[in-house]
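Undergrad: Here it is, the structure in full.
The values are calculated or read from the model by the stated rules, or taken from the named source; none is laboratory data. As the structure is a prediction and not an experimental result, all values here were calculated from the model. Reconstructed Cβ throughout: ideal geometry from the backbone, glycine too, with neighbour counts over all protein chains shown. Remember, those area values only see protein heavy atoms, side chains included, never the ligands or the DNA or RNA. Shrake-Rupley method; radii C 1.70, N 1.55, O 1.52, S 1.80 Å.
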Amino acid sequence: MRCAVIVAPWDPRSSDAGTWSDAVAWLGATLAGLGFRVAVVDGAEDVQAQLAGALAGVSAEDDLLVHVSGRLARRGVLRIAGGRWIPLRVVGETLAAHAAATVSLVAELVHEDEVDDALVAADHVASTIAALGAREHGYNLVTAVRPASAPIEGLAFTRLLVGVADANRSGGAPLSGIYERVTAMPESLATAQSFSFVRGRGELDLAPPPPEPADLAWQIDAATEARDWPLALRLRRQRLPTLASPRQRVRELIAVARILQAELGDGDGALEALEQAREIEPKRVGVLQALRRGYETMGRWASAIEAVGALADLAHEPSERASLRYAQARMALDHLQDEERALGWLEAALEDDPALQEARTTLTAVRSSLTPPEPMQLPPELEAPAELPPEGSDDPLDPAMHVRAFAVHRRDGRTDAAYLAALALEELGAADVDQQMLIDQFRSLAPIRARGSLDAQAWSLLRAPGSDDALQPLFAAVGRAAVLARLEQLVARGRLVDLDPASRLDDGSTASVVRSFQWAARVVAVGCPSLFAVDQVPGEIAAVRAHEASTAVGPSVVSGRSAKDLAFLAGRHLTYYRPEHQVLVYFPTREELTRLLLAAVQLTRPDVTSDSRAVAALAARLDNHVTDEERVGIGSAVRRLQARGGKFSLGAWSRSVELTAARVGLLLCGDLATATGIVTTESRGIAGLTPEAKRRDLVEFCTSDEHAALRVRFAVTAPESVRPPPPAPSVAYSP
């Protein structure tokens with residue numbers, strides 16, 4: 001049950017007592033209308049005793065809202081009737097003595113200090129938060145403080161809160177989301193000169209209770225007949241949580257999607273509703289077909305391919321399945337230029353239906369494009385003088401090249417480079433006794449001993465093939481604004497991740513995972529995100545799209561990992577928090593990255609337009625956040641793109657970032673076996689890279705000149721020479 005306690009100990013002899021009395025009466029009636037059981041503490045008697053009595057009826061299963069209003073005698077102290085006063089600390093202690101499932105507070109207070117002194121108001125807010133013990137006890141707390149002399153109606157800030165909750169009755173109205181909306185309103189600046197929100201362990205929903213289903217059905221029919229589509233949409237969303245069966249909820253969501261797409265032109269909203277329906281019934285063919293059509297219309301080809309793949313998995317007839325696999329391949333070829341993935345789908349199509357001629361023809365063409373042409377044969381008289389070919393090949397998985405490198409490095413006294421070649425041979429199962437002895441001599445149980453933070457030169461050595469000297473600075477310049485714009489969108493859609501504060505790992509903890517991330521952040525030269533221990537995390541480590549940079553770590557990362565494992569995992573993960581890479585956390589798909597790129601271009605080139613409403617909307621959001629300095633950086637990167645004809649490959653750049661991140665992990669852990677052991681045993685599908693492709697790049701980078709140079713600068717390595725001294729020159733003996 002939802003309970004509310006209104007603490008409003010106003011002096012009836014004060015000049016504004018009537019205004020506040022009316023406001024408290026309004027609040028009590030409003031909360032009762034929202035389904036709360038309401039009690040009022042008016043201060044006519046002992047406030048503490050009254051509050052304790054009101055809380056006595058609250059059980060451990062209830063959700064509790066406490067609203068505190070009044071005039072502050074001084075910081076953290078509330079005036080009450082008869083010229084008396086009560087510390088807010090007493091209110092906090094009384095509240096802490098009564099347990100409830102979710103506790104949320106709203107404090108709307110006035111002070112008698114200087115009207116225009118914002119620092120004083122902020123000080124009052126901080127004192128209120130501390131006195132009520134919100135952080136210690138895990139309460140949600142919205143605090144609003146303004147001068148007593150401001151000509152504002154009583155509980156004006158609370159009226160804004162409740163108004164937003166009522167407007168959002170269809171999708172729930174958690175207190176954190178309401179606060180975000182209210183503080184963005186111009187009115188909030190007038191109703192509270194200083195306000196703050198403390199996030200607690202649970203969320204209180206202030207949305208009104210849904211009306212009876214029968215009443216809703218009548219209202220929906222009336223709104224539909226009147227073609228009042230916004231109202232029909234809102235009513236259908238209201239009815240959604242009241243529907244008993246999954247099939248009914250799916251039908252409602254399909255109706256919501258139809259209104260959004262056909263009547264309101266909101267393609268993104270329609271797809272979001274269909275994805276919600278798919279979560280309820282993953283094998284509903286009609287939903288998957290609608291998603292396919294929607295994604296194709298929006299040009300979101302990776303998502304369309306995934307929807308077609310889900311349909312293929314559900315197809316009973318081999319010919320139908322083959323046709324869908326062929327459709328996947330065509331999308332990959334025509335829109336993503338991804339020949340490797342298309343090849344797999346074409347082969348799967350022909351396995352199901354060998355007679356599918358268009359798949360066979362396309363497969364032949366794709367294989368031809370992926371096969372390098374035969375070398376040109378020159379007439380004998382034009383051939384260059386013959387030279388002995390180098391032994392072995394340039395394949396990083398060919399042991400012969402590493403054997404030669406080991407011998408050359410060992411001969412020249414480059415012990416650390418020889419050690420890296422020996423690590424490659426060990427990974428390939430080809431290390432001999434000498435190479436294994438060198439490994440045993442210098443392999444450490446701990447990660448590298450770092451000498452400093454990676455600078456721009458170091459990152460130029462780390463970057464994997466596919467890195468782009470135009471995309472890199474462009475995403476670095478637009479990244480901050482892009483993250484803010486994405487967060488706005490997530491908040492508006494109610495999709496912002498809200499992690500339990502109790503699961504946060506203390507930054508000063510001595511736990512291995514915390515120390516490893518803090519150390520790796522200093523080396524990678526990024527701020528360390530907040531770490532949260534979560535029971536189920538995809539891939540065991542995941543960046544969380546939240547207002548504060550946050551990372552969720554699973555149980556196997558929190559405990560049970562070696563120091564070198566943690567160094568690799570932390571280094572790889574934190575590479576994505578670099579300014580030029582962070583957009584991938586918030587825009588992970590190729591479609592989202594393309595949209596961001598086009599929107600960024602429009603910031604400095606308004607003449608470059610797009611037919612996509614999503615691009616235009618994102619450009620407008622970016623424009624609200626980008627600074628003049630960032631705009632200059634974006635313009636410079638756009639000109640670089642223009643100079644090369646506007647050509648770019650986001651797929652190649654994304655793959656380069658993932659490979660670069662793994663290289664950073666290898667550099668920090670200092671051990672190839674640790675790095676390859678992780679990448680070849682995990683199911684990490686970022687950028688479409690296979691485990692073998694990542695292993696190949698790690699082996700190649702391990703023995704590269706770039707890696708050796710990085711270790712010389714940033715790691716304490718083996719001494720430059722462990723060779724025995726050369727023999728002394730012989731001297732002829734003469735008697």
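Undergrad: Length gain on complete extension for the stretch Gln536 to Glu263, per 0.36 nm per residue less the alpha carbon to alpha carbon distance?
TA: 94.3 nm
Undergrad: Around Leu324, with a cut-off of 15 angstrom between Cβ atoms, what is the net charge of the other residues, counting Lys and Arg +1 and Asp and Glu -1?
TA: Taking every other residue near Leu324 into account, the sum is -3.
Undergrad: Moving on. Taking amide H atoms as placed 1.01 Å from N in the peptide plane, list the residues 5 or more away in sequence, or in a different chain, whose amide H sits under 5 Å from that of Val68.
TA: Excluding prolines and chain starts, which carry no amide H, the hits are Val7, Val106, Ala107, Glu108.
Undergrad: In nm, what is the difference between 0.36 nm times the number of residues separating Asp607 and Ala492 and their Cα-Cα distance?
TA: Contour length minus the Cα-Cα distance gives 38.5 nm.
Undergrad: Sticking with this structure for a sec: Amide H of Ala39 versus every other amide H placed in the peptide plane: which residues, excluding those fewer than 5 positions away on the same chain, fall under 5 Å?
TA: Residues meeting the criterion, in which the H sits 1.01 Å from N, are Ala4, Val5, Ile6.
Undergrad: Here's another thing I want to ask about it. Say R0 is 60 Å: what FRET efficiency, to the nearest 0.05, do Ala29 and Thr690 get from their beta-carbon distance?
TA: Using R0 = 60 Å, I get an efficiency of 0.45.
Undergrad: For Ser444 and Glu339, what is the calculated FRET efficiency with R₀ set at 56 Å and r taken between the beta-carbons, to the nearest 0.05?
TA: Efficiency, from the Cβ-Cβ distance: 0.85.
Undergrad: Of all accessible surface on the chain at a 1.4 Å probe, what whole percent is carbon and sulfur?
TA: Exposed carbon and sulfur together represent 53 percent of the surface.
Undergrad: Moving to a separate point now. For the pair Glu225 and Arg360, how long in nm is the line joining their label points, each one 7 Å along Cα→Cβ?
TA: Placing both labels 7 Å beyond Cα along the Cβ direction yields 6.0 nm.
Undergrad: Using the Karplus curve 6.51 cos²θ - 1.76 cosθ + 1.60 with θ = phi - 60°, what ³J(HN,Hα) values do you get for each residue of segment 494-501, in whole Hz, with x for Gly and Pro?
TA: Listing the rounded values in order: x, 10, 6, 6, 10, 7, 5, x Hz.
Undergrad: Okay, moving on. Modelled label-to-label distance, Thr680 and Gln436, 7 Å Cα→beta-carbon offset: nm?
TA: According to this spin-label approximation, the distance is 1.7 nm.
Undergrad: Using the reciprocal of the averaged 1/r over all distinct C-alpha pairs, how large is the Kirkwood radius of segment 70-160 in Å?
TA: 13.8
Undergrad: May I ask you to order 222-231, 677-686 by the average number of other C-beta atoms within 10 Å around their residues, highest value first?
TA: 677-686, 222-231
Undergrad: In whole Å, what is the distance between the alpha-carbon centres of segment 435-497 and segment 507-569?
TA: Spelled out, the Cα-based centre of one part sits 14 Å from the other.
Undergrad: Show me the three semi-axes of the equivalent ellipsoid for segment 597-684, from the C-alpha gyration tensor (sqrt of 5 times each eigenvalue), largest first, rounded to whole Å.
TA: Largest first, segment 597-684 gives 36, 15, 14 Å.
Undergrad: Taking H placed 1.01 Å from N in the peptide plane, check which residues at least 5 places from Val77 or on another chain put their amide H under 5 Å from its amide H.
TA: Sorted by chain and number, the residues that satisfy this are Leu88.
Undergrad: Please identify the trypsin sites (Lys or Arg not before Pro) of segment 255-357 that satisfy two criteria: DSSP loop assignment and at most 13 other Cβ atoms within 10 Å. Which are they?
TA: Passing both the DSSP loop test and the Cβ count: Lys283.
Undergrad: Further, regarding this structure: Using just the helices of the chain, give the 222 nm mean residue ellipticity in deg cm²/dmol: DSSP H runs with n ≥ 4 each add -39,500 (n - 2.57), and the total is spread over all residues, rounded to 500.
TA: Only helices count here, giving -17000 deg cm²/dmol.
Undergrad: Further question on the same structure: Within the set of other residues whose C-beta is less than 10 Å from the C-beta of Ile448, count the net charge using Lys and Arg as +1 and Asp and Glu as -1.
TA: +3
Undergrad: Checking understanding here: applying a Kyte-Doolittle mean of at least 1.0 and a length along the axis of at least 30 Å (C-alpha), which whole DSSP H helices in the chain pass?
TA: Within the chain not a single helix satisfies the rule.
Undergrad: Could you please report the charge total around Gly294, scoring K, R as +1 and D, E as -1 over all other residues with beta-carbon less than 13 angstrom from its beta-carbon?
TA: With Lys, Arg at +1 and Asp, Glu at -1, the neighbours total -2.
Undergrad: Compute the FRET efficiency between Arg504 and Leu189 as 1/(1 + (r/R0)^6), taking r as their Cβ-Cβ distance and R0 = 22 Å, and round to the nearest 0.05.
TA: After rounding, the FRET efficiency stands at 0.10.
Undergrad: Ok, one more. Exactly which GluC sites (Glu not before Pro) in segment 66-128 are in a DSSP loop and have at most 14 other Cβ atoms within 10 Å?
TA: Loop-located and lightly packed - Glu112, Glu114.
Undergrad: To continue, here is another question. With both bridge residues required to lie in the chain, what share of the DSSP beta bridges run antiparallel, to the nearest 5%?
TA: Antiparallel: roughly 35 percent of the beta bridges in the chain.
Undergrad: Report relative contact order for segment 27-140 in percent, whole number only (criteria: Cα-Cα under 8 Å, sequence separation at least 6).
TA: Relative CO of segment 27-140 lands at 27 percent.
Undergrad: While we're here: Rolling a 1.4 angstrom probe over the protein heavy atoms, how many square angstrom per residue are accessible across the chain?
TA: 48
Undergrad: Ok, one more. May I ask you to derive the relative contact order of the chain, considering only C-alpha pairs under 8 Å and at least 6 residues apart, and to give it as an integer percent?
TA: 9
Undergrad: OK, next. Rounded to two decimals, what ratio of Rg to Rh does segment 464-509 give with C-alpha atoms and a Kirkwood Rh?
TA: Answer for segment 464-509: 1.18.
Undergrad: Here is a follow-up. With +1 on each Lys and Arg Cβ and -1 on each Asp and Glu Cβ, and nothing else charged, work out how big the dipole of segment 441-489 is about its Cα centre, in Debye to the nearest 20.
TA: The dipole magnitude comes to about 340 debye.
Undergrad: If you compute Kirkwood radius over Cα pairs in Å for the structure shown, which of (1) 33.1; (2) 30.7; (3) 31.5 do you land on?
TA: Matching entry in (1) 33.1; (2) 30.7; (3) 31.5: (2).
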